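Comments concern the structure below.
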Amino acid sequence: MKKNIFVLLLLLSTFHSNAQDPWILNAQKIDPNKYFGITTANGMIGIVSSPQPFKVKNVVLAGTFDTYGRGRVSNFLNGFNLLNMYMEIDGRRLDEQNTSNMQQQLDMKHAAFTSQLTFGKKANIKYTYYALRHLPYTVLMDVTVTANEDLKLSAASVMETPDALRDVENYYNEIDRPHVTLSLLTSTAKSPTGKLQLCASNSFLFTEPHASEPKIIHEMWDNNSHLMKFSKNLKAGESYTYSIIGSTISSAQHADPLNEAERMTIFAKLEGHDRLLKYHNAAWDELWKSDILIDGDPQAQQDVHSMLYHLTSFSRAGTAYSLSPMGLSGLGYNGHVFWDTDIWMFPALLVLHPDIAKSLIEYRFERLEAAKRNAFSHGFKGAMYPWESADSGVEETPVWALSGPFEHHISADVALAAWNYYCVTQDQVWLKEKGWPMLSATADFWASRVERNGNNQYDIKNVVAADEWAENVDNNAFTNAAAKLNLKNANSAAAILGLPQNKDWALVEKNIPILSFPDGVTKEHATYKGEGIKQADVNLLAYPLKSTTDKNQIVKDLAYYETRIPDEGTPAMTHAIFALLYARTGNANKAYQYFNEAYQPNLNPPFRVIAETKGGTNPYFATGAGGVLQSVLMGFGGIDITAKGIVQVPSVLPSKWKSLKITGVGVEHKTILLTNKN
């Protein structure tokens, strides 16, 4: 008994002592009314935590979209909650009322989420789940029960069908072999319109020899729920560990998802627990070879690790899937892909994980033909990418949002991501086969989109600006500058590939105007009069477009537009750009101020997850994380993406940072070290 109390106290002290551990996010005092879950993900499956014992809030499977409700457009679907479970001790179901000392933590280094709690004087319970990084469709949960008194344990794995799914079919199978019994709890259902089939299957993993394993009982509750369970008697002082292994997949990823879900669960079970964790941990160790290390600011270090963890866990090499603003943390923004990916999240991944970034730009390439059809339907040439994109690449913006028909800068944003991918990788084969088709088609779009109103005046009229409060305006600064860069980079790509220069692209690029006020401040659009703005627009010309290069002009535009951002209701990205530009222009104090303002007011308990706005409740806002990471990498770190690859430009560090070390940069996996000379 004393030994078990010591073990519990040791575990509790471990939770408390890691308040600013660079890898551990703790929830020491859990208030269900102020709880915003954190996601454990592997780039395909996202598992969102819950404050309730033995529950997870939801499971999101990338690439699963159907039309239901919200806006008559494609929406992300909740997948089967294949880690749902319950536990009974001596016949009493454990819940938040009869358990105490609930502690939770996320180990970001190996993407492991752990909860622990006590059940009176009877038992201490700990469980950890993983979205296995090396197996994209498979999850694992380990459960350990330590008995402080003699007890009878009953544990169940419950498979519930999400409300939106229909035509549910539940299966339970046992496959007997001399050395193992495979008990498979399986469910399949159709998406709301019947477009997709979603499937999940799981099984228990036991530690004792096969002959001593507990007997599995299957129970069918109703059409939408069934379970399998076992019982075990424990003596005081005895600990018992078991695991649940499960897989989920849909017809968006496989032609036969029902059988494949079971096959993958069987594969994982016969791999065995230790091998699963070995390869999972190794996969994350490989990812963390690309890292950001801050000496002198423990909280910033932990927060930056959290941002890196989230972007990396929400995406995956080899998938041709992209990122929505909320990643795999839920159904926010319907799971759609916006400029958030190409401008805000893609650059950080490109610098640290070019292979993952390749999936994001591959997503755009695979939807190039849909973008061409979109341009055709609007009377333009080339490719016009949709403002909101899901699985098919058609426009998915709800009709009440004018950004769908008018926020045309998205095409230039996609083109910039394609160009930057080439710049970092210097992969001319990719440029010829995939980059050039995107760059040339989007350049053709802009050449047809401009209105040629006489010599030296090629206007882009009637757009929604990057500042989305500016609707149906003419000659928006960001749109025009992004279009000019798109045209310029397309001709640069032609030169690299030995193709002839397009003289019309060059003519159009030269004659698209960038407007200014009489005092020289860049004007956001033709009718702009200094009103408040939703988010950065003009300041993006200095970065990432790099069309504004004069330091005095950059500082002048910063001084003007930083006073136009309201304190409330604006997304998290703008302050990150301010931080980046102030770092590059040598103002360390302002850079650090805006670095903190870019995310600190948006944090939610208990895991410091980022919401879109101050006081927002829709975490996790991966777009904001991408912006902050760029402020560190491209701002404080001085990393710059050029036609000749990654270089460094002058920058400054915050005074409290002793050093900034960035590892695994680019395809050559370089290390960048900056030290503070103050």
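The values are calculated or read from the model by the stated rules, or taken from the named source; none is laboratory data. Keep in mind the model is a prediction, meaning the values are calculated, not measured. Ideal geometry is used to build each Cβ from the backbone, glycine not excepted, and the neighbour counts take in all protein chains shown.
Would you pick out the residues in segment 621-670 that are within 21 Å of Q426 (Cβ to Cβ) and among the β-branched types (V, I, T)? Passing the criteria: I639, I641, T642, I646, V647, V649, I662, T663, V665, V667. The listed residues are D303, D340, and the only one of them that is touching a Pro at 6+ places or on another chain (Cβ under 8 Å), outside the structural domain of A111 (by TED's automatic domain parsing), within 21 Å of P571 (Cα to Cα) and modelled with pLDDT of 95 or more turns out to be D340. A count restricted to segment 451-472 and to residues that are part of a strand (DSSP E or B) and surrounded by fewer than 21 Cβ atoms within 10 Å (Cβ to Cβ) stands at 3.
Considering only segment 105-126, state which residues are touching a residue at least 24 places away in the same chain (Cβ under 8 Å) and either among the basic types (K, R) or not in a strand (DSSP E or B) (or both). Those that are touching a residue at least 24 places away in the same chain (Cβ under 8 Å) and either among the basic types (K, R) or not in a strand (DSSP E or B) (or both): M108, K109, H110, A111, K121, K122, K126. In segment 385-401 there is no residue that is free of Cβ contacts under 8 Å to residues at least 60 places away in the same chain, buried (at least 24 other Cβ atoms within 10 Å of the Cβ), under 30 Å from A164 (Cα atoms) and β-branched (V, I, T).
Of the residues making up segment 318-358, those that are part of a helix (DSSP H, G or I), farther than 22 Å from N75 by Cβ and not aromatic (F, W, Y) number 12. Go through segment 445-459 and give me each residue that's at negative phi and small (G, A, S). Answer for segment 445-459, where residues must be at negative phi and small (G, A, S): A447, S448. Residues in segment 161-178 that are among the basic types (K, R) and within 30 Å of the chain's Cα centre (by Cα): R166 only.
Among the residues of segment 252-294, those that are under 15 Å from Y130 (Cα atoms), aliphatic (A, V, I, L, M) and touching a helix residue (DSSP H, G or I) at 6+ places or on another chain (Cβ under 9 Å) comprise A268, L276.
The single condition from (1) without any contact (Cβ under 8 Å) to a residue 24 or more places away in the chain; (2) within 17 Å of I512 (Cα to Cα) that D427 fails is (2). Looking across V632, V667, one residue alone is surrounded by 20 or more Cβ atoms within 10 Å (Cβ to Cβ), within 30 Å of K488 (Cα to Cα) and in contact (Cβ under 8 Å) with a residue 40 or more places away in the chain. It is V632.
Among the conditions (1) closer than 21 Å to L431 by Cβ; (2) free of Cβ contacts under 8 Å to residues at least 24 places away in the same chain, W505 misses just one, which is (2). Selection of segment 498-542 for residues being crowded, with 17+ Cβ neighbours inside 10 Å and among the acidic types (D, E) yields E509, E524, D537. Counting only strands (runs of 3 or more DSSP E) that sit wholly inside segment 187-251, those with at least 2 residues that are touching a Ser or Thr at 6+ places or on another chain (Cβ under 9 Å) and among the aliphatic types (A, V, I, L, M) are 197-206, 225-234, 239-250.
Evaluate the following for K661: is it out of contact with any helix residue (DSSP H, G or I) (no Cβ under 6 Å at 6 or more places or on another chain), assigned by TED's automatic domain parsing to the domain that holds T585, among the basic types (K, R) and surrounded by 13 or more Cβ atoms within 10 Å (Cβ to Cβ)? Here the answer is yes, as K661 does meet what is asked. When N84, N78 are checked against the criterion of being in the same structural domain as I24 (by TED's automatic domain parsing), closer than 17 Å to A200 by Cα and more than 21 Å from the chain's Cα centre (by Cα), a single residue qualifies: N84.
Only one entry in K590, K534, K551 is among the basic types (K, R) and closer than 27 Å to K461 by Cα, namely K534. Just one of the listed residues (T188, T181) is under 37 Å from the mean Cα position of the chain (by Cα) and among the β-branched types (V, I, T), and it is T188.
Those strands (runs of 3 or more DSSP E) of segment 51-104 in which at least 2 residues are farther than 27 Å from T241 by Cα and β-branched (V, I, T), considering only elements entirely within it, cover 56-67. Entry remark, segment 372-411: residues being of a type in the set (A, V, I, L, M, F, W, C) and closer than 18 Å to S324 by Cα number 5 in total.
All of (1) surrounded by 17 or more Cβ atoms within 10 Å (Cβ to Cβ); (2) within 25 Å of P53 (Cβ to Cβ); (3) touching an Asp or Glu at 6+ places or on another chain (Cβ under 7 Å) hold for A156 with one exception: (3).
Exactly one residue among Y68, Y137, Y127 is aromatic (F, W, Y), modelled with pLDDT under 95 and in the same structural domain as N281 (by TED's automatic domain parsing), and that residue is Y68.
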